[in-house]
Amino acid sequence: MSQRKIVIEPDPILRKKSETLEKVDDELRALLDDMLETMYAAPGIGLAAVQIGILKRLIVIDISKDKDKKKDPLFLINPEIISRSKKTSIYEEGCLSLPGHFAEIERPAECLIKFLDYNGKEKELSANGLLSTCIQHEVDHLNGILFIDYLSKLKKDMIIKKLIKHKKELNKVVL
Ligand code: ZN
């Protein structure tokens, strides 16, 4: 397993639609392992493949907070949201591609998804609470959507401006 570099907004790849996977094989599982390692190291609770620059419909999630507890990763290949509840919930969301920025986002409280698991088996999952929000946030990534897209233009522009400034500082080198 190896850690990959996380793509930071603004970057045009984050706005692209990811492609459906044709088959689940060892190569794909190795990529999922890398994504998981990258997410744990960040640290984060969810990561979509596009966030490491790969336009494939792959997501890793682990919302188990207790660090001493056994890790509980969830691998989603070609996830599809089948239904969403009318009831909504609000969480303060962050994103590994938007470091240091958080905002309260309202989303359907529950969702039902279908996906292929780590072994390529078809599964369904009914999610609520933080897991539901996390899944919807990550599926948005596969469609080129970021959580800041739900904010007012003013707030969104302000965050992007700060991220550009942050990127410039990161690129400065002392020789
Ligand atoms: Zn994100």
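Where a number appears in this text, it was derived from the coordinates with a stated rule and is not lab data. As the structure is a prediction and not an experimental result, all values here were calculated from the model. Every residue, glycine as well, gets a Cβ built from its backbone with ideal geometry; the counts of neighbours run over all protein chains shown.
Tabulated results
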quantity	calculated
Near pairs, Cβ below 7 angstrom, 6+ apart or cross-chain, from region 78-100 (under 20 Å from Ile59 (Cα atoms) and of a type in the set (Ser, Thr, Tyr)) to any residue that is part of a strand (DSSP E or B) and within 16 Å of the ligand (Cβ to nearest atom)	Tyr91/Ile105
Residue selected from region 25-59 under the condition within 12 Å of the ligand (Cβ to nearest atom) and in a strand (DSSP E or B), by the criterion surrounded by the fewest Cβ atoms within 10 Å (Cβ to Cβ)	Gly46
Selection from region 7-17 of residues that are part of a loop (DSSP other than H, G, I, E, B) and closer than 13 Å to His141 by Cα	Val7, Ile8, Glu9, Asp11, Lys16, Lys17
Residues being surrounded by fewer than 21 Cβ atoms within 10 Å (Cβ to Cβ), within 16 Å of the ligand (Cβ to nearest atom) and without any contact (Cβ under 8 Å) to a residue 40 or more places away in the chain - total across region 60-73	1
Single condition Gly100 does not satisfy, out of (1) out of contact with any strand residue (DSSP E or B) (no Cβ under 6 Å at 6 or more places or on another chain); (2) small (Gly, Ala, Ser); (3) closer than 19 Å to Val139 by Cβ; (4) within 15 Å of the ligand (Cβ to nearest atom)	(3)
Count - residues of region 135-168 that are in contact (Cβ under 8 Å) with a residue 24 or more places away in the chain, assigned to a loop (DSSP other than H, G, I, E, B) and either surrounded by fewer than 16 Cβ atoms within 10 Å (Cβ to Cβ) or touching a Gly at 6+ places or on another chain (Cβ under 7 Å) (or both)	1
Selection status of Ser89, more than 14 Å from the ligand (Cβ to nearest atom) and touching a Gly at 6+ places or on another chain (Cβ under 9 Å)	yes
Residue under evaluation Gly120, criteria (1) in a loop (DSSP other than H, G, I, E, B); (2) out of contact with any His (no Cβ under 9 Å at 6 or more places or on another chain); (3) farther than 23 Å from Asp33 by Cβ; (4) not hydroxyl-bearing (Ser, Thr, Tyr), criterion not met	(3)
